[in-house]
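K.L.:
This is the structure I have questions about; it appears just below.
A short reminder: the numbers here are calculations on the coordinates, not readings from a lab. The shown structure was predicted, so the numbers you read here are calculated from the model rather than taken from an experiment. Here the Cβ positions follow ideal geometry from the backbone for every residue, glycine too, while neighbour counts run over all protein chains shown.
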Amino acid sequence: MKICLIEDDLKLGRALHAALVNAGQQATWLRNAADARHWLCEDTFDAVLLDLGLPDCGGLALLRQLRRQGLAAPIMIITARDALDDRIECLDAGADDFLVKPVATGELMARLRAVMRRVTGTRVAGAPVWEVKDLVLDESARSLMRAGVRIPLSKTEFDLMHALLRQPDRVWTRRELEAQAMPHVEGPVLDAHMHNLRRKVGGDYISTVRGVGYVVRR
Ligand code: CA
């Protein structure tokens, strides 16, 4: 998973970043709201860990702003405050979960997995496998199966399906898909890849959202 960690405390940030990396996650550590706004626009993350007390902007204000701007990734709040009102305010503002400092890294990872299970398709036995209808994408084997039959995909096609299946019902913009699957490619090649994907996977799985991008519906 690609995780964006937003935490200004050096000691905690370092510990959380190390825990995420040790758990095999791809973690980007940012220390203020300005960087967070920039990176969350530039890149796509599977989950966001957000400290409420940031130096340049309240985490809650940032959370509301990110949701207003359409950030779809699950957001888990990290905070020193443990009042019920704070929790309610965060959840109402669009947070998916709430962790109180001091953060135990084991609990953090378990809650991250739980949040990802809630917001994505069925996750099989803790393995990086994504299922939608009769499609099964195995992240570690980089394979896509339809009704038990493997569909050969190019690297770019696999990366596109990976994005789409990881978050079924989420509409991906063309720019987001290009950033996920072909960050170094210039020019309008996305449609050609999507055309090939539909030919290989079957036309019914991937829907076009006119003027926006693509989605795999559950
Ligand atoms: Ca802080």
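K.L.:
Please list 48-60, 84-96 highest first by mean number of surrounding beta-carbon atoms within 10 Å per residue. Write down the numbers at each step before the final one.
P.N.:
Working: 48-60: 19.5, 84-96: 15.3.
Sorting 48-60, 84-96 by mean packing, highest first, produces 48-60, 84-96.
K.L.:
Counting DSSP beta bridges with both partners in the chain, what percentage is antiparallel, nearest 5?
P.N.:
Numbers: 19 of 36 bridges.
Looking only at bridges with both residues in the chain, the antiparallel portion is about 55 percent.
K.L.:
Once Rh is set to the Kirkwood radius over Cα pairs, what Stokes-Einstein translational diffusion coefficient, in µm²/s, holds for the chain at a temperature of 20 °C and a viscosity of 1.002 mPa s? Spell out each step's value before the answer.
P.N.:
Values: Rh = 18.3 Å.
Rounded, D is 117 µm²/s.
K.L.:
Still on this structure, please answer the following. From the helices alone, meaning DSSP H stretches of at least four residues, give me the mean residue ellipticity at 222 nm for the chain, per-run term -39500 (n - 2.57), in deg cm²/dmol to the nearest 500. Each step should come with its number before you reach the end.
P.N.:
Numbers: 8 runs with 89 residues, N = 218.
Computed mean residue ellipticity for the chain: -12500 deg cm²/dmol.
K.L.:
Here is a follow-up. To the nearest 20 debye, what charge dipole does the chain have about its Cα centre, counting +1 at the Cβ of each Lys and Arg and -1 at the Cβ of each Asp and Glu?
P.N.:
Roughly 760 debye, rounded to the nearest 20.
K.L.:
Okay, moving on. With labels modelled as points extended 7 Å from the Cα through the Cβ direction, what inter-label distance (nm, one decimal) is found for GLU42 paired with ARG218?
P.N.:
Result: 3.3 nm between the two label points.
K.L.:
Order 23-30, 185-192 from most to least packed using the mean count of other Cβ atoms within 10 Å. Don't jump to the answer; show the numbers that get you there.
P.N.:
Numbers: 23-30: 16.6, 185-192: 11.0.
Listed from highest to lowest mean packing, they are 23-30, 185-192.
K.L.:
Looking at the square roots a ≥ b ≥ c of the eigenvalues of the Cα gyration tensor of the range 139-188, which shape do they give, rounded for a/c under 1.5, prolate if a/b is larger than b/c, or oblate?
P.N.:
Numbers: a/c = 2.51, a/b = 1.51, b/c = 1.66.
It comes out oblate by the Cα gyration axes.
K.L.:
Can you tell me which lysines have their Cα less than 29 Å from the Cα of LYS11? Leave out same-chain residues fewer than eight positions away.
P.N.:
Answer for LYS11, where 29 Å is the Cα cut-off: LYS2, LYS101, listed by chain and number.
K.L.:
For helix 33-42, report the angle its Cα long axis makes with the longest principal axis of the Cα atoms of the chain; keep it between 0 and 90° and round to the nearest 10°.
P.N.:
0 degrees
K.L.:
Related question: Counting pairs of alpha carbon atoms under 8 Å apart in space and at least six apart in sequence, what relative contact order in percent does the chain give? Kindly include the intermediate steps, with their values, before the conclusion.
P.N.:
Values: 320 pairs, mean separation 28.4, N = 218.
Dividing the mean separation by the residue count of the chain yields 13 percent.
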